[in-house]
Amino acid sequence: MDKIKIFIVDDHPIVRQGLRQVIESEPRLSLAGEAGDGATALARIKSLRPHVALVDIDLPRLDGLEVARALQNFQPPVPTIILTMHKEEHMINAALDRGVKGYIIKDNALEELLDAILTVARGDFYVTPSISGCLVKRSQRAAALQNERPGLAALTLTERRVLKLVAENKTSREIAQELFISPRTVETHRSNICVKLDLRGSHKLLQFALAHQSEL
């Protein structure tokens, strides 16, 4: 069986060294590379194509959340595990909104790292057990919103992606560039979303998306 290739992104050399030691001591894993800032990380990951990226949130040049979002636009996407000191619910939601597959608190990183990598590598999610309550709350809010707006279930995959990008306060032109479609097509998707969600008014879609960003 091929080894799982890991890329480390953290601006602290001591942290990278500790993670590197864990990876190199595990026969199922191999180190693809590492970087100390977000911009360098994206360039190297694009070239090296690791199976999993370990990414800190607080990075120079490009923060870890933006790195994680960019990695989801790679073909194929690179599963990302966030390594951070941030335990706040809004930070966890922000990471999940950007498509991360794992979220580990650094206090527990060395103990949980192997389990997290193996879990994410097989396509599942991993979150530090001490913050798993945030996932329960998120799921409950999403279920409540689904009951309130049953039209959400009728959204196509592209409409759902457009809605999430609207929730990030992106313009139609920015969404078009990210999804490789025309601005006019984005406007069509926005119109269809409004119909399915029964949103009327020029700013209702943006207001709805911003208010429910973590549930979309």
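The values are calculated or read from the model by the stated rules, or taken from the named source; none is laboratory data. Everything numeric in this text was worked out from a predicted model, so none of it was measured. In this analysis, Cβ positions are derived from the backbone assuming ideal geometry, glycine residues included, and neighbour counts consider all displayed protein chains. With ligands, DNA and RNA removed, areas are computed over all heavy atoms of the protein, side chains included. Shrake-Rupley method; radii C 1.70, N 1.55, O 1.52, S 1.80 Å.
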Exercise. Report the charge-dipole magnitude of the range 117-179 in Debye, nearest 20, computed about the Cα centre from +1 at each Lys and Arg Cβ and -1 at each Asp and Glu Cβ.
Key: 100 debye
Quiz prompt | Accessible surface ranking that places the most exposed of 97, 198 first, with a 1.4 angstrom probe | solution = 198, 97
Self-check item: By average C-beta atoms within 10 angstrom, highest first, the peptides 206-213, 21-28
Solution: 206-213, 21-28
Practice problem: Collect residues whose amide H, placed 1.01 Å from N in the peptide plane, falls under 5 Å from the amide H of residue 58; neighbours closer than 5 in sequence don't count. | Solution: 64
Quiz item: Using bins 10 angstrom wide from zero, how does P(r) for the range 109-205 break down, in % of all Cα pairs?
Solution: 13, 33, 27, 22, 5, 0
Quiz item: Could you give the length gained on full extension between residue 58 and residue 192, defined as 0.36 nm per residue of separation minus the Cα-Cα distance, in nm?
Solution: 44.5 nm
Exercise. Provide the descending list of Cα extents for the range 9-91 along its principal axes, expressed in whole angstroms.
Key: 35, 29, 22
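So if each residue of separation counts as 0.36 nm, and I subtract the Cα-Cα distance between residue 90 and residue 157, what length gain in nm does that give?
Working: separation 67, 0.36 × 67 = 24.12 nm, distance 2.48 nm.
Taking residue 90 through residue 157 to full extension adds about 21.6 nm, to one decimal.
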Practice problem: Might you work out the accessible area of residue 67 for me, using a 1.4 Å probe with all protein chains in place, and round it to the nearest 10 Å²? | Solution: 0 Å²
Quiz item: What are the principal axis extents of the Cα atoms in the range 62-125, in Å, biggest first?
Solution: 31, 26, 18
Exercise. Calculate what fraction, in whole %, of the accessible area of the range 38-195 sits on carbon and sulfur atoms when a 1.4 Å probe is rolled over the protein chains.
Key: 54 percent
Quiz item: Within straight cross-link reach of residue 106, meaning Cα distance under 30 Å, which lysines are found once same-chain residues fewer than 8 apart are removed?
Solution: 3, 5, 46, 87, 137, 164
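Any idea of the accessible area per residue across the chain, 1.4 Å probe, to the nearest Å²?
Details: 11090 Å² over 216 residues.
Spelled out: the 1.4 Å probe surface of the chain, per residue, equals 51 Å².
What is the Cα convex hull volume of the chain when expressed per residue in Å³?
Details: hull volume 26.7 nm³, N = 216.
Spelled out: Cα convex hull of the chain, divided by residues, is 123 Å³.
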Exercise. Residues in the range 182-212, backbone N under 16 Å from the label point at residue 141 (7 Å along the Cα-to-beta-carbon vector): list them, ranges by number please.
Key: 207-212
